[in-house]
């Protein structure tokens, strides 16, 4: 059965996920280090993990499978989930794929090195209405595709 796993602590598209999941009747697991409000819906469950470093990432990566759609902006978590066979989408709607993850990891490492060396580098652009729209379309397309495949 298809299910959506949300790396929820900083996810800006939770409400959009709930709406699309309800339309397709797909279970959603909201994974976080602390309690957060979720809809009263039998399809939406909450998984609170410890506040240990990467506890949410570890839980999501362990649960990810071919029938999972993982929503995260975390590149290293995306890589782990892809290796488990999951479909991974960033909150901006950009899919992480086997073909793109290597470049994303390399860019992440370069930016970390620049920051560590004292260089001031800009972060990602602010989350926009276009990102939200692209995310909705990407999640919808992904669920349709997975339903056909599984």
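Within region 118-125, one or more residues are at pLDDT below 95 and closer than 26 Å to residue 19 by Cβ. Restricting attention to region 55-91, the residues that are in a loop (DSSP other than H, G, I, E, B) and modelled with pLDDT under 95 add up to 2. Scoring residue 99 on the criteria (1) under 20 Å from residue 138 (Cα atoms); (2) at pLDDT 90 or above; (3) out of contact with any helix residue (DSSP H, G or I) (no Cβ under 8 Å at 6 or more places or on another chain) leaves a single failure, condition (2). Scanning region 34-49 for residues that are modelled with pLDDT of 95 or more and more than 20 Å from residue 16 (Cβ to Cβ) returns 48, 49.
Quick check on my filter: what residues within region 57-74 are surrounded by fewer than 20 Cβ atoms within 10 Å (Cβ to Cβ) and in contact with a helix residue (DSSP H, G or I) (Cβ under 6 Å, 6 or more places away or on another chain)? Once the filter is applied, which keeps residues that are surrounded by fewer than 20 Cβ atoms within 10 Å (Cβ to Cβ) and in contact with a helix residue (DSSP H, G or I) (Cβ under 6 Å, 6 or more places away or on another chain), region 57-74 yields only 57. The condition (being touching a strand residue (DSSP E or B) at 6+ places or on another chain (Cβ under 8 Å), crowded, with 19+ Cβ neighbours inside 10 Å and more than 22 Å from residue 128 (Cβ to Cβ)) is satisfied by just one residue among 17, 89, 48, 4: 4.
Take the conditions free of Cβ contacts under 8 Å to residues at least 12 places away in the same chain, closer than 17 Å to residue 138 by Cα, within 17 Å of the chain's Cα centre (by Cα) and not in a loop (DSSP other than H, G, I, E, B) and apply them to residue 15. Does it pass? The answer is yes for residue 15.
The values are calculated or read from the model by the stated rules, or taken from the named source; none is laboratory data. Quick caveat, the model's predicted, so the values are computed rather than measured. Neighbour counts run over all protein chains shown; Cβ positions are idealised from the backbone, glycine included.
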